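A quick write-up on the structure given underneath.
The values are calculated or read from the model by the stated rules, or taken from the named source; none is laboratory data. It should be emphasised that the depicted structure is a prediction, and the values quoted were computed from it without experimental measurement. All Cβ positions, even for glycine, are placed from backbone atoms using ideal geometry, and neighbour counts span all protein chains on display. Just the protein is used for accessible areas: all its heavy atoms, side chains included, with ligands, DNA and RNA removed. Shrake-Rupley method; radii C 1.70, N 1.55, O 1.52, S 1.80 Å.
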Amino acid sequence: MFLKSLQWRLVSFFCIISFCLIIPIGLFLNKEVEDSYYKTFKAGIENGFKAWNDEKFINTDVKQVFEEITNNYAVLFSIIGQNKSFTVVDSSNNEIYSSDSRFGEDKDKFFNDLLRSDNFVSAMKGESGGKKKLMSYNGVQFFDYAKPVAGGRFVLYFRYYKDEWKEILDNSNRAILTSLVVAFVVAFILGYMLSKTITVPIVRIMQNAQRLASGDFEHVLEVKSDDEIGKLTSAFNYMAKSLKDTLAEISSEKSKIETILDYMTDGVVAFNMKGEVIHANPAARKMLGSNVFDRTFDDYAKEYNFGFSLEDIIYIESLGNREANIAIGDKIIKAYFAVFSDKAKRPEGIIAVLHDITEQEKLENMRKEFVANVSHELRTPLTSIKSYAETLMDGALEDRETTEKFLGVINTEADRMTRLVKDLLQLSRLDNLQMRWNMQDISIVDLVRGSVEKMALEAKNKGQQLEFYVIGDIPLVRADYDGIEQVVLNVLSNAIKYTPENGKITVYVSRIYNEVQIKVVDTGIGIPKEDIPRVFERFYRVDKARSREMGGTGLGLSIAKEIIEAHSGSVAIKSEPGKGTEVILKLPVPEMEGVI
Ligand code: ADP
């Protein structure tokens, strides 16, 4: 367990190195000491044999040989001393004489011990026994040497006990052991210190890595050296910095995308591979309801009839139709589907972009309706012109009265078409903001009075009472005279048109706060409540036949509304069927005129 730490591994490594260096030295020293003692021992004996005279001992016995050596050869063999001994053995009868103290203790045991020595056994066989071997019997160690003499009659056997050099060896071994202990301590301290210089920075880097993992990028490590550790620290700092930069970039990118998603009007829903909703932006939640997360792709596919499944989109590349029109409540939504994948291009899910096309569809329908209306409006007069013209060509021309009547109808229809085309042109110009307004300060009182006068005859013809009132001081208004006059004339003519004979039409001009108000009140047929909001639509007429009969195009009020709105004003209608209608036009008074 503790070897897992680099620090302890280094300490152990140093200790093993010291052990490996010191122990062989100790063993070598031991061997050298022993070698040197053996060499002296052997050289002494061989030196003794140089002066040895074998002839002299041919006819002697063991005892004589022993005495002779004791007296004359002890110095030559250099066997004087406590730890050296010599023994003479008669090889024929094993009679034995020895200077060894152990011989005196137990003669039989001594002889048995002799037989265990290779050198002695060789000499008994007649060969010289000078092999170097440290013998050990019963805890006593020695070197020995044996040689047959007097033609093999006797064997001379020498011993050199280790006690002689044991103390030296013990001392040196003790010194070695001490140095081993010292080496261990030094190795421990050095290893510990060295490992500290390596492990401390590594531990600092490790702690910083943990800090990085928990999102703290502020801490920068100090580079203390120029070595590998220093380089590792710089590399780590660099890595932390680039990680911080990359993360900052990613998070700014993320917040940008989140802001886009939050504020875009299109809905965005992300599904994972299981079809679960993993993200829905506010627009999507508004479209699909706040429980958007509770349903899966399959639920939506079933509910809105997509006609394809999640797998179809992901796996069938050729599937062209990745769009679906779905109706949610009164809204029409177009959904576009796209697969998103990970780095290895493996699909991770799909994104649905929901685009609200309700308004678009409405506009499209209005456009179609408008074209149908225009065609219809033009076809009616054209049909009657054509049929009257054909009747005339078929012979009605003969009858002058009929001809005049028919031509009158043709003329009226042509006029109606002209009016229609003129109104359409004006609407188109208003739509394209191509109207050129001649804005100037005008008197609404004069304008309305003029219009009332223009319409007076028409009202008179219908026996209607047309009255005009100005309430209070009316400031000038900045407007296009002809445009506003067209609006007032239109409203007045409507009032006359839709008020039966002998009805009453009253026109008021007043100022309410910072607006000038023109109110046209009639006692006519009125407009049903549900039709009021629609009378400003193009071609909308409450009673088509009646309007047409009166020469209306159904465009008058829509043009009036556009003109008034272009002057920042407003139009409102209050009406009660059978009782009458009140049309209120309001125009703003310029700020300078704000105070009466
Ligand atoms: P038109 O050319 O048919 O008069 P307008 O756009 O001027 O077309 O008016 C639209 C419809 O509003 C008319 O067809 C009529 O049904 C209704 N309307 C307008 N003014 C009045 C009014 N003063 N009284 C009753 N109905 C009115």
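Let me confirm something: among Ser136, Ser195, Ser179, which residue is free of Cβ contacts under 8 Å to residues at least 24 places away in the same chain, open to solvent by less than 80 Å² (accessible area, probe 1.4 Å) and of a type in the set (Ser, Thr, Tyr)?
Only one candidate qualifies: Ser136.
Does region 251-265 contain any residue that is within 25 Å of Gln207 (Cα to Cα) and small (Gly, Ala, Ser)?
Scanning region 251-265, I find at least one residue that is within 25 Å of Gln207 (Cα to Cα) and small (Gly, Ala, Ser), so the answer is yes.
Given (1) aliphatic (A, V, I, L, M); (2) more than 60 Å from the chain's Cα centre (by Cα); (3) open to solvent by 80 Å² or more (accessible area, probe 1.4 Å), where does Leu21 come up short, assuming only one miss?
So Leu21 meets the others, but not (2).
If the Cβ limit is 6 Å and pairs must be 6+ apart or interchain, which residue in region 64-89 that is in the same structural domain as Gly104 (by TED's automatic domain parsing) pairs with which residue that is open to solvent by 40 Å² or more (accessible area, probe 1.4 Å) and assigned to a loop (DSSP other than H, G, I, E, B)?
Taking only residues 6 or more apart or on different chains, the pairs are Ala74/Ile80; Leu76/Ala51; Ser85/Ser99; Phe86/Ser99.
Restricting attention to region 552-575, and to residues there that are within 11 Å of the ligand (Cβ to nearest atom) and part of a loop (DSSP other than H, G, I, E, B), which single residue is surrounded by the most Cβ atoms within 10 Å (Cβ to Cβ)?
Leu555
Which is within 13 Å of the ligand (Cβ to nearest atom) and modelled with pLDDT of 95 or more, of Glu549, Glu537, Glu582?
Sole residue among the options that is within 13 Å of the ligand (Cβ to nearest atom) and modelled with pLDDT of 95 or more: Glu582.
Take region 467-507 and flag every residue that is within 13 Å of the ligand (Cβ to nearest atom) and assigned to a strand (DSSP E or B).
Lys504, Ile505, Thr506, Val507
Taking the condition of being under 15 Å from Ser92 (Cα atoms) and not in a loop (DSSP other than H, G, I, E, B), how many residues in region 116-138 meet it?
Residues flagged as under 15 Å from Ser92 (Cα atoms) and not in a loop (DSSP other than H, G, I, E, B) within region 116-138 amount to 5.
Any chance you could count how many residues in region 198-212 are open to solvent by 90 Å² or more (accessible area, probe 1.4 Å) and either of a type outside the set (S, T, N, Q) or within 30 Å of Ile23 (Cβ to Cβ) (or both)?
Total satisfying the criteria: 1.
What do you reckon, is Asp441 under 30 Å from Leu363 (Cβ atoms) and surrounded by fewer than 20 Cβ atoms within 10 Å (Cβ to Cβ)?
no
Only one of (1) part of a helix (DSSP H, G or I); (2) modelled with pLDDT of 90 or more is not met by His355, so which one is it?
Here His355 clears every test but (1).
Filter region 521-551 for residues that are in a loop (DSSP other than H, G, I, E, B) and of a type in the set (A, V, I, L, M, F, W, C); which is farthest from Phe370 (Cα to Cα)?
Checked region 521-551; the qualifying residue farthest from Phe370 (Cα to Cα) is Ile525.
In the list Arg379, Arg346, Arg429, which residue meets the criterion of being without any contact (Cβ under 8 Å) to a residue 60 or more places away in the chain, open to solvent by 80 Å² or more (accessible area, probe 1.4 Å) and under 30 Å from Met273 (Cα atoms)?
Only one candidate qualifies: Arg346.
List the number of the failed condition for Ala283; all other conditions in (1) open to solvent by 60 Å² or more (accessible area, probe 1.4 Å); (2) modelled with pLDDT of 90 or more; (3) within 24 Å of the chain's Cα centre (by Cα) hold.
The number of the failed condition is (1).
If a residue must be within 18 Å of Tyr145 (Cβ to Cβ) and in a helix (DSSP H, G or I), how many such residues does region 58-83 contain?
Number satisfying all stated conditions: 5.
Does Asp100 fit the bill of being among the charged types (D, E, K, R), within 21 Å of Lys166 (Cβ to Cβ) and open to solvent by less than 30 Å² (accessible area, probe 1.4 Å)?
Considered against the rule, which asks whether it is among the charged types (D, E, K, R), within 21 Å of Lys166 (Cβ to Cβ) and open to solvent by less than 30 Å² (accessible area, probe 1.4 Å), Asp100 comes out as yes.
Just for region 508-530: of the residues that are closer than 27 Å to Arg416 by Cβ and more than 7 Å from the ligand (Cβ to nearest atom), which one is surrounded by the most Cβ atoms within 10 Å (Cβ to Cβ)?
Result: Val520.
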